[in-house]
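The values are calculated or read from the model by the stated rules, or taken from the named source; none is laboratory data. Small disclaimer: the values here were computed from a predicted structure and weren't measured. All Cβ positions, even for glycine, are placed from backbone atoms using ideal geometry, and neighbour counts span all protein chains on display.
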Amino acid sequence: MQLDEAQLTTPDPIKTYLAHWFQLGKKLYIKSGQVQLCPSLILVPGGYSQEFEACWAYVNSGQAGDCYLEGTQETIAQLQQQQWDITPCARCSMPIALPQNGLPPASCPCAGLENWPNLELPSPHSPTNNQTELRNLQLRLEDAAPPDHSRITPQKLASPEK
Ligand SMILES: [Zn+2]
């Protein structure tokens, strides 16, 4: 059997979804809401924290019963069925679950967050390897630098001919 490369490299959308919301302090209600879970550390260099991985494994083990993210009604088990898409929220770009058929949820989980979207804080993100992260940072910095058209240095001064 040939390995599907996309399957290997594409992270589980529900896992990404949870990781993003945990980074904003949203809790996961488990056992039909009797217990709240929110790992304090989500990302470590190069991947997810053990704490988050353990939480994710627990949710997937079935032992946690019905689990749903604070501010949502759909259980994680429901979201893992194919009828749901995880897409960026129109307001804040956080991943939200939209049913493929039927009405979207009344509000994004972000609706209950104060001061959100907050563009001054680093956004929740997926783990990246450091090289990619550095490169992205470089690209962002290059984008952020205003093009310097105002001061045109005479060619002679800028690059003296040898
Ligand atoms: Zn939102």
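Laid out as a table, the results:
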read-out: Residue tally, condition in contact with an Asp or Glu (Cβ under 9 Å, 6 or more places away or on another chain) and either crowded, with 18+ Cβ neighbours inside 10 Å or outside any loop (DSSP other than H, G, I, E, B) (or both), over the range 19-29; value: 4
read-out: Failed item, numbered, when A77 is tested on (1) away from the ligand (no atom under 12 Å from the Cβ); (2) small (G, A, S); (3) over 19 Å from T16 (Cα atoms); value: (3)
read-out: Residue count, the range 30-45 (criterion: modelled with pLDDT of 90 or more and not in a strand (DSSP E or B)); value: 8
read-out: Qualifying residue in the range 96-108 (condition: outside any loop (DSSP other than H, G, I, E, B) and modelled with pLDDT under 80); value: no
read-out: Any hit, the range 128-147, residues being outside any helix (DSSP H, G or I), within 21 Å of the chain's Cα centre (by Cα) and at pLDDT 65 or above; value: yes
read-out: Filter pass, P88 being under 30 Å from K26 (Cα atoms) and at pLDDT below 85; value: no
read-out: Where D66 falls short, out of the listed (1) away from the ligand (no atom under 12 Å from the Cβ); (2) surrounded by 12 or more Cβ atoms within 10 Å (Cβ to Cβ); (3) within 18 Å of the chain's Cα centre (by Cα); value: (3)
read-out: Residue count for the range 85-112, restricted to those that are in contact with a strand residue (DSSP E or B) (Cβ under 9 Å, 6 or more places away or on another chain) and more than 16 Å from the ligand (Cβ to nearest atom); value: 2
read-out: Total residues in the range 75-95, condition within 19 Å of the chain's Cα centre (by Cα) and not in a helix (DSSP H, G or I); value: 14
